[in-house]
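Here is the structure we will look at.
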Amino acid sequence: MFVIILAGILISMLTLLGLAVDSGTLYNAQLATQSAADAAVSSGAALLAQQSSSANIAAIYSAMRSMAETNLAVKEIPSNLIVTNQPRILVASGDVSMQLTTNVRLRIMNLIPGIGPLGTVSATARARVKPAVVSLLLDTSFSMCCPVSIGVCSPQPNCPLAGSKLEALQSAVISFLDHFDPARDSINLGPYSL
């Protein structure tokens, strides 16, 4: 009789120990999966914000999956255990979402009959590319006619564009504006002169 009770107590303790260990493993995997999904969606939204058409959607999908796998690899979750549903990207509204599912190897609970060797956790993340509202005030005073290499100079009545600070400003503004989508973002340029 004592042996039967002892066996029942040992089985109960093993079950509770397995539940504690594997619950911790599943919880850590859930945190890692959510973090990976968030990072993947953030990178997808950043890539979507840099383009105005749906031409590179396949490249965004690939970058998002790669980001998720890289984040999970850091947490030592092998890529063969990751199931990624096709991310959802809506170019017109700027919505990016992803559901990421990770299978986790159970350490102790899989020894109990009826429980498989893998537990499953999933995470969903969403991001929206918000329209940017940018106002730039551009210095167009005579001091901008000076060559870039000279700090302070006297104003010149006719401004040669080549090599001037004004040319450098023009180049910088064009480069800056390439990061925005004119269909989505609001850009205001305003000159000022002292």
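The values are calculated or read from the model by the stated rules, or taken from the named source; none is laboratory data. Source: prediction; values computed, not measured. Note: ideal-geometry Cβ built from the backbone for every residue, glycine included; neighbour counts use all protein chains shown. For the accessible areas, the whole protein counts, side chains as well, though only heavy atoms, and no ligand, DNA or RNA atoms are used. Shrake-Rupley method; radii C 1.70, N 1.55, O 1.52, S 1.80 Å.
Across the stretch 1-27, which residue is nearest to residue 77 (Cα to Cα) among those that are of a type in the set (Ser, Thr, Tyr) and open to solvent by less than 60 Å² (accessible area, probe 1.4 Å)?
Applying the filter and picking the extreme gives 25.
Could you tell me whether any residue of the stretch 28-48 is in a loop (DSSP other than H, G, I, E, B) and open to solvent by 60 Å² or more (accessible area, probe 1.4 Å)?
No, the stretch 28-48 contains no residue that is in a loop (DSSP other than H, G, I, E, B) and open to solvent by 60 Å² or more (accessible area, probe 1.4 Å).
Only one residue in 148, 152, 134, 83 is touching a Ser or Thr at 6+ places or on another chain (Cβ under 9 Å), modelled with pLDDT of 80 or more and not hydroxyl-bearing (Ser, Thr, Tyr). Which one?
Just a single option satisfies the conditions, and that option is 134.
Working only within the stretch 49-72, note down all residues that are surrounded by fewer than 20 Cβ atoms within 10 Å (Cβ to Cβ) and in contact (Cβ under 8 Å) with a residue 40 or more places away in the chain.
50, 51, 52
Identify the residue in the stretch 90-146 that is open to solvent by less than 30 Å² (accessible area, probe 1.4 Å) and assigned to a loop (DSSP other than H, G, I, E, B) and, among all such residues, is farthest from residue 164 (Cα to Cα).
Of everything passing the filter in the stretch 90-146, 106 is farthest from residue 164 (Cα to Cα).
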